[in-house]
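Colleague: So that we are looking at the same thing, I have put the structure below in structure tokens.
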Amino acid sequence: MNTRVGDRLNKLAAKIRNEPGRSRRARLIAVGGGKGGVGKSFIVANLAASLARMGHRVVAVDGDLEGANLHTCVGVSKPRVSLADFVAQREEDLGKLILDTPIPNLQLIAATDGNLATPQPTQSRRVRLMRELRELDVDFVFLDLGAGTHAAVIDYFMIGDDGVVVITPEPTSVENAYGFVRAAFYRRLRLAMASHDMRKIVTIAMDQRNERGIRTPLELLREIQTLDPIEGRRFVETMRAFRPRLIVNDVRTAEDIKLGFSIQSVCRKFFGIEAEYLGYVNHDELARRSVRAKRPLIDVYPRSDAAIYLSRIARKLLAEGTADQSHEGSI
């Protein structure tokens with residue numbers, strides 16, 4: 001990893017969380033999950049639309065340059081500009097990539113027409129993108145991430161004010177979610193370590209079959225505390241600050257609902273990470289109809305069961321943001 005650019009990314013993350021006047025800047029919510037097909041774009045479109053219906057100014061950004069479909073979910077058929085223009089440096093002003101949607105207060109930055117040879121931005125370009133997204137004159141920016149654990153995906157997830165992981169009640173989705181959370185935590189930790197030697201240990205631990213026998217973040221913590229107590233304290237601080245939020249999508253049974261609590265427990269026990277269960281969205285055939293209609297469920301079927309659950313999650317995100325700002329103001 002380019003250490004200089006990594007340091008810039010880490011400093012930007014700290015600046016985003018601590019700079020004066022932060023409450024007047026856009027709140028950045030990154031939505032990932034590791035696996036494709038779990039409904040990330042559906043969740044983003046509906047949470048963004050829900051907050052927009054409440055009167056908040058929202059921009060939904062499609063960060064999936066290799067499988068863009070957020071524009072379809074919010075009713076924009078053929079975007080004339082795209083994030084790909086920023087990545088390819090055809091457009092330097094991110095504001096010129098913002099498109100209106102049919103939903104009042106909700107705008108879009110699409111990700112269509114990416115360069116198939118090099119779809120992902122360089123790391124320095126990602127740093128600039130995240131800075132400019134944070135400075136948009138809106139209340140919320142939702143970032144719909146692509147599948148997998150590519151460095152670009154993890155950087156976007158790591159640097160947001162909130163990182164939301166979407167899961168479905170399927171073994172493959174759960175397995176990928178654990179891998180995604182683990183990759184995000186290790187990348188954040190590697191950037192936090194001041195010592196080159198400790199960064200190297202973190203890099204070794206990222207190989208799940210490493211020869212040192214480090215299999216979990218807690219085992220890595222014990223290793224680092226033994227080698228360097230100061231870096232061990234930095235490790236603990238990073239662990240406490242990392243709080244991924246969980247949404248279980250396409251729930252059908254009571255056991256499916258409990259999945260969020262189970263993952264929360266596993267994160268605490270084996271990762272030492274306090275994940276938060278934001279809520280679940282039940283299976284609803286009207287959700288499929290809304291996708292076919294190319295509109296958010298909350299817009300076309302606002303009284304459906306799934307729309308009600310999505311509204312609850314949106315209000316919970318809103319309440320948590322208000323509480324965070326109130327707490328920051330009291331420090």
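The values are calculated or read from the model by the stated rules, or taken from the named source; none is laboratory data. Just so it is clear, the model here is predicted, and its values are computed rather than measured. A quick note on method: Cβ atoms are made from the backbone with ideal geometry, for glycine too, and the neighbour counts reach across all protein chains shown.
Colleague: Just to be sure before I move on: is residue 307 in contact (Cβ under 8 Å) with a residue 60 or more places away in the chain, under 21 Å from residue 60 (Cβ atoms) and surrounded by 18 or more Cβ atoms within 10 Å (Cβ to Cβ) in the structure I sent?
Modeller: Against the criterion (in contact (Cβ under 8 Å) with a residue 60 or more places away in the chain, under 21 Å from residue 60 (Cβ atoms) and surrounded by 18 or more Cβ atoms within 10 Å (Cβ to Cβ)), residue 307 qualifies.
Colleague: Another question, if that's okay. Is there a residue in the stretch 224-238 that is at pLDDT below 90 and either outside any helix (DSSP H, G or I) or closer than 28 Å to residue 82 by Cβ (or both)?
Modeller: Among the residues of the stretch 224-238, not one is at pLDDT below 90 and either outside any helix (DSSP H, G or I) or closer than 28 Å to residue 82 by Cβ (or both), which makes the answer no.
Colleague: Moving on. Identify the single condition in (1) part of a helix (DSSP H, G or I); (2) surrounded by 21 or more Cβ atoms within 10 Å (Cβ to Cβ); (3) modelled with pLDDT of 90 or more that residue 187 does not satisfy, given that it satisfies every other one.
Modeller: Here residue 187 meets the rest and fails (3).
Colleague: Go through the stretch 38-88 residue by residue and tally those that are without any contact (Cβ under 8 Å) to a residue 60 or more places away in the chain, in a loop (DSSP other than H, G, I, E, B) and of a type in the set (Gly, Ala, Ser).
Modeller: 4
A quick yes/no check of all residues on (1) closer than 28 Å to residue 316 by Cβ; (2) out of contact with any Ser or Thr (no Cβ under 9 Å at 6 or more places or on another chain):
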| residue | (1), (2) |
| --- | --- |
| 44 | yes, yes |
| 53 | yes, no |
| 60 | yes, no |
| 69 | yes, no |
| 78 | no, no |
| 95 | no, yes |
| 104 | yes, yes |
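Colleague: Would you confirm whether any residue within the stretch 268-286 is closer than 21 Å to residue 60 by Cβ and part of a helix (DSSP H, G or I)?
Modeller: yes
Colleague: On the given criteria, is residue 127 in contact with a strand residue (DSSP E or B) (Cβ under 6 Å, 6 or more places away or on another chain) and closer than 20 Å to residue 29 by Cα?
Modeller: So residue 127 fails the test.
Colleague: Also, quick follow-up: Residues that are under 20 Å from residue 30 (Cβ atoms), without any contact (Cβ under 8 Å) to a residue 40 or more places away in the chain and basic (Lys, Arg): does the stretch 185-204 have at least one?
Modeller: Here is the first cut: in the stretch 185-204, the residues under 20 Å from residue 30 (Cβ atoms) are 185-192.
From what's left, without any contact (Cβ under 8 Å) to a residue 40 or more places away in the chain: 186-187.
Filter once more, keeping what is basic (Lys, Arg): 187.
Yes.
Colleague: Restricting the stretch 60-93 to residues that are among the hydroxyl-bearing types (Ser, Thr, Tyr) and surrounded by fewer than 21 Cβ atoms within 10 Å (Cβ to Cβ), which is farthest from residue 131 (Cα to Cα)?
Modeller: Applying the filter and picking the extreme gives 77.
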